[in-house]
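Asks: The structure's right below; bear with me while I get my questions together.
The values are calculated or read from the model by the stated rules, or taken from the named source; none is laboratory data. As the structure is a computational prediction, the values presented were derived from the model and not from experiment. Calculation scope for accessible area: heavy atoms of the full protein, side chains included, ligands and nucleic acids excluded. Shrake-Rupley method; radii C 1.70, N 1.55, O 1.52, S 1.80 Å.
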Amino acid sequence: MNKFELGQVVQTSSVAAECEGNKEFAQEIKQCFEKYINCDWGDTCKNDAKLNDEAVETNNDRIVAKYITSKGEIFIITEWDRSSTTIMFTYEY
């Protein structure tokens with residue numbers, strides 16, 4: 001069981017296309033997502049990681065984590081209402 005609700009999990013078309021053509025990158029995304037659901041916020045700054053921890057505790061704010069992959073940085077974002085979680089390249093934000 002996750003420590004917080006994820007809602008519908010989606011990825012942008014850019015991430016999906018890269019995963020489709022690159023099994024190593026797809027594995028990286030899987031590993032980042034596993035870290036995310038275990039509250040390992042990756043390369044997120046200390047202050048934002050603290051805000052994520054508070055959002056998990058209070059269940060009333062958005063969760064944003066950043067990870068570095070072989071194809072660039074990605075964000076994984078869960079909306080404040082826990083309706084959805086999106087995996088995207090940071091340049092898509």
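Asks: Note the angle between two axes, namely the Cα long axis of helix 23-37 and the longest principal axis of the Cα atoms of the chain, as a number of degrees from 0 to 90, rounded to the nearest 10.
Replies: Value to nearest ten degrees: 0.
Asks: Over segment 29-93, what percent of the accessible surface lies on carbon and sulfur atoms, probe 1.4 Å?
Replies: Here carbon and sulfur together make up 47 percent of the probe-accessible area.
Asks: With a 1.4 Å probe and all protein chains left in place, how much accessible area per residue does the chain have, in Å²?
Replies: Values: 5750 Å² over 93 residues.
Accessible area per residue, the chain: 62 Å².
Asks: Here is a follow-up. Which whole-number percent is the relative contact order of the chain (Cα, under 8 Å, 6+ apart)? Provide the component values of the computation, followed by the final result.
Replies: On the way: 142 pairs, mean separation 31.5, N = 93.
Relative contact order of the chain: 34 percent.
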